[in-house]
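Everything below concerns the one structure shown next.
The values are calculated or read from the model by the stated rules, or taken from the named source; none is laboratory data. Bear in mind that the values here come from a model prediction, so they are computed numbers and not experimental data. Reconstructed Cβ throughout: ideal geometry from the backbone, glycine too, with neighbour counts over all protein chains shown. Areas reflect the complete protein model, heavy atoms only, side chains present, ligands, DNA and RNA absent. Shrake-Rupley method; radii C 1.70, N 1.55, O 1.52, S 1.80 Å.
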Amino acid sequence: MARATALLKTGAKVGGNYLKHYVKKQLFQQDEKNSLHEANAEEVYETLSKLKGSALKAAQMMSMDQNMMPSAYVERFQQAQYSVPPLSYPLVVRTFIKNFGVPPQELFDYFSKEAVKAASIGQVHEAYKDGQRLAVKVQYPGVADSVKSDLRLVKPFAKRLLNMQEKDIELYFQEVEEKLLEETNYELELKRSIELTQACSHLEGLFFPAYYPEYSCRRILTMSWIEGKHLKEFLAGNPSQEIRNRVGQILWDFYHFQIHELKMVHADPHPGNFFFTEDGRVGVIDFGCIKVIPNDFYEVYFKVLDERVMRDATEATKLLHGMGFLHADDSPDEKRFFTNIFKELVSMLGKPFRYEQFDFGNSSYFREIYELSERIASMKELKESKKARGSRHTLYINRTYFGLYNILNQLGATIRVTKPAFLSVS
């Protein structure tokens, strides 16, 4: 009830801010939109950061794509990638006693009472055991139990911020709910962390923490401490273009291998999950959000990037049906409209795959994506369509690529574009 009341109060404040915005616009004949977004972003973030859990996680995810919402929200919500108000130490102790039967100071040689990092679903404490420095992630109490109710409460904010229809947001939130429930299961995260880090251990320039099953359980996850700088701090050191390109290539190769070889991918590529070193290596943490890619979806998803295939009208129609973008009962006008829109989207989002090298530092590409997104969002045909368009599997794959693209853009990296063997984009 308290969580619902907090969000309802925030909703009322946001509504009041919109009212004041329109009054000012009429009186002073000037655009107050930026100040409106800043005021609303502050209200929403402050509420979600206090609630923590899946509501804040949804905000964190939305901030990964800088084209999805006004910049004021992106800048404010990105704080969830690094720090939110921490959980009190007595509650941390209670979590340890419930799961291990002893407080943390009896399990480790040293355990920090203050969290060194507090994020959306859990917070991290520094610990030592037998001389090994450790990072211990402790989940906030009740997070797993509140996923469904939190998403139901945050949905109205998401609809407004993302400018999405009910049918589309419902498809999105079904997938988000499934992934968030997986993220609250630290035993599953432990298993996947070990599997994926071992599978990717041969990739040059990457490093990962070691994991400790004996000090982990469903609500606590223990790993070795890794050193490095987060993206903003790394860039503040003014690394050379060579280093920027190197770490960008490492990230591209990491995701290419997961998607095309493992068919499962670290689907939470926000900057807080990466550590960069001055000599051009990249550390990766947080394998809680993993998207397993079905084989039939994988083949369809990447075939649409093949311009030769998409020029074949029959094959293109088959692929669009396979992705759920077209439906059997669509009218001829709907088929024509949505086919053209999808081809334009694919051409834009798949642009890097048409080059041997791609300069992600060229912000004109991202402006083009934003302008296309704005134009499509305002189309009457999309607003009036009663059907969700697209497979649920596209949601986390698209977010993975958008998150990767955004990091590469911030790095200003030019990378060698590796492609799946079957892809022809000539």
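Couple of notes before you dig in:
- Residue in region 349-356 that is more than 23 Å from the chain's Cα centre (by Cα) and crowded, with 17+ Cβ neighbours inside 10 Å present: no
- Whichever residue in region 185-217 is in contact with a Ser or Thr (Cβ under 8 Å, 6 or more places away or on another chain) and either in contact (Cβ under 8 Å) with a residue 24 or more places away in the chain or basic (Lys, Arg) (or both) and, among such residues, is surrounded by the fewest Cβ atoms within 10 Å (Cβ to Cβ): Glu187
- Total residues in region 305-344, condition among the aliphatic types (A, V, I, L, M), modelled with pLDDT of 85 or more and within 29 Å of Asp253 (Cα to Cα): 4
- Failed item in (1) at positive phi; (2) at pLDDT below 85, with Gly101 passing the rest: (2)
- Contact map, region 272-283: first residue touching a residue at least 24 places away in the same chain (Cβ under 8 Å), second residue among the hydroxyl-bearing types (Ser, Thr, Tyr), Cβ cut-off under 7 Å, separation 6 or more or different chains; pairs are Gly272/Tyr82.
- Sub-8 Å Cβ pairs linking a first residue in region 228-251 that is under 21 Å from Lys419 (Cβ atoms) to a second residue that is among the charged types (D, E, K, R), at least 6 apart or interchain, are Val247/Arg281; Gln249/Arg416; Ile250/Glu204; Ile250/Arg281, ordered by first then second residue.
- Residue within region 331-341 that is open to solvent by 20 Å² or more (accessible area, probe 1.4 Å) and of a type in the set (Phe, Trp, Tyr) present: yes
- Condition check for Glu334: acidic (Asp, Glu), farther than 16 Å from Val300 by Cβ and free of Cβ contacts under 8 Å to residues at least 40 places away in the same chain: no
- Region 363-383 residues that are under 23 Å from Gly403 (Cβ atoms), paired with ones that are in a helix (DSSP H, G or I) and modelled with pLDDT under 80 (beta carbon under 8 Å, 6 or more apart): Ile376/Leu382
- Condition check for Ala72: over 22 Å from Asp268 (Cβ atoms), surrounded by 15 or more Cβ atoms within 10 Å (Cβ to Cβ) and at pLDDT below 60: yes
- Subset of region 286-300 [within 15 Å of Val265 (Cα to Cα) and surrounded by 17 or more Cβ atoms within 10 Å (Cβ to Cβ)]: Asp286, Phe287, Gly288, Cys289, Ile290, Lys291, Ile293, Phe297
- Residue match in region 308-317 (condition: part of a loop (DSSP other than H, G, I, E, B) and crowded, with 18+ Cβ neighbours inside 10 Å): no
- Selection over region 388-418 of residues that are over 19 Å from Pro269 (Cα atoms) and open to solvent by less than 50 Å² (accessible area, probe 1.4 Å) gives a count of 4.
- Complete set of residues in region 220-278 that are part of a loop (DSSP other than H, G, I, E, B), open to solvent by 40 Å² or more (accessible area, probe 1.4 Å) and among the polar types (S, T, N, Q): Asn238, Ser240
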